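Shown next, in C-alpha cells, is the structure this report addresses.
The values are calculated or read from the model by the stated rules, or taken from the named source; none is laboratory data. Since the structure is predicted, the reported quantities are computational estimates derived from the model, not experimental observations. Here Cβ is always computed from backbone atoms with ideal geometry, including for glycine, and neighbour counts include all displayed protein chains.
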Amino acid sequence: MVRLTYLHSGYTIPLKKLSVLILLFLFHSLNASDTLFMDDFSGNLSQNWIMFGDPLPRILDSLGLPPPCFNNNGDSMAGSGVITREVFEIGEGLGIECDMYLSCDKRGTWVTASLYFITPDYINDRSQSGYTIATLAFSYSGEMDWTSPHLQGVLTFNCFHDQENKSSIQLYHQNDMLDGWHRYRMEITEHSMVNYFIDDSLYCTSTVSVPDTAEHVRIQLGNRSSVWGIALHDNLIVYRP
C-alpha cells in the first residue's frame, strides 16, 4: 500500500485516506481561517489522545470513511473514549467537526457517538458533571431502554454555562441518521454561543453561552457502546472559524 507521512503528527497515512483528508481540508479551508488539529485515525491513537474507560477505545482497520477509524468501544454502563493531549484556546471562536456513524439493533440501546468541548482538567472519572462545556451527540434508545424505549434515534445538543444554567435540546426519532456516515460540527462563536451543524446544515444554536471563565478546552470523543451496536468517528478537524 502506498503511504505518505503527515508532518504535523508524524503519522504514516494510506494514500486513499490522505486523498479524503485533502478533500476535507480544501472544503474546510473555505469556511475556516486556521486549522489547528487534524486526525484521520490512521496512526498511533495514544500519540495525540489520552484514552480512558474499560474496555479502552480502539482503531478499526476494516471500517471508516475510508478505513481506518476510531471506535469508542465502551460498555453499556459507562463510556470509553479519548481526550486530546493538546489544549485549545477558545479565543474569538473555536470549531470541531468529525464524521460519525451509528448503527444499533432496533431493540438495543446505550450506543452513542459524540463530540465534546470539555474543561482542560477533565481526566477519566466517567462523569461529565462539571467538566462538559458543550456536546453534540447521536444515540439510540430502543426497547432495551426501559426508561424511554420510544425515543429511538436521538440527537442531543448541550451547552453548560454552569450547572444551573444550561441549554439542552433533544430531537427524537431521527432514525434516518442511522447506518450512515454524517458530518457533525460544533462552533463556539465570537459571542461565546454554540452553533450545531450536521451535514453542513445548522440545526440549532445554544440558548446560553459557554462559561465566562472558559478560556481553553480539550476535545473528547466517545461514549457508551454495547453488544447491540457500534459508534464510529473519523476525519476529525479542530479549527478557528
When every residue in the stretch 205-229 that is touching a residue at least 24 places away in the same chain (Cβ under 8 Å) and part of a strand (DSSP E or B) is compared, the one surrounded by the fewest Cβ atoms within 10 Å (Cβ to Cβ) is HIS216
Any hit, the stretch 100-120, residues being in contact (Cβ under 8 Å) with a residue 12 or more places away in the chain, β-branched (Val, Ile, Thr), under 23 Å from CYS159 (Cβ atoms) and touching a His at 6+ places or on another chain (Cβ under 6 Å):
no
Sole miss for PHE70 among (1) modelled with pLDDT under 95; (2) surrounded by 23 or more Cβ atoms within 10 Å (Cβ to Cβ); (3) of a type outside the set (Asp, Glu) is condition (1)
- Is there a residue in the stretch 73-85 that is assigned to a strand (DSSP E or B), closer than 22 Å to MET186 by Cβ, of a type in the set (D, E, K, R) and touching a residue at least 24 places away in the same chain (Cβ under 8 Å)? no
Determine if the stretch 203-224 includes at least one residue that is in contact with a Lys or Arg (Cβ under 7 Å, 6 or more places away or on another chain) and under 24 Å from TYR131 (Cα atoms). yes
If we keep only residues of the stretch 162-186 that are part of a loop (DSSP other than H, G, I, E, B) and at pLDDT 95 or above, then the residue surrounded by the fewest Cβ atoms within 10 Å (Cβ to Cβ) is GLY180
In the set LEU232, LEU202, the lone residue that is assigned to a strand (DSSP E or B), of a type in the set (A, V, I, L, M, F, W, C) and out of contact with any Gly (no Cβ under 8 Å at 6 or more places or on another chain) is LEU202
Residues in the stretch 140-161 that are in a loop (DSSP other than H, G, I, E, B), closer than 14 Å to THR109 by Cα and either out of contact with any Phe, Trp or Tyr (no Cβ under 6 Å at 6 or more places or on another chain) or of a type outside the set (A, V, I, L, M) (or both) total 9
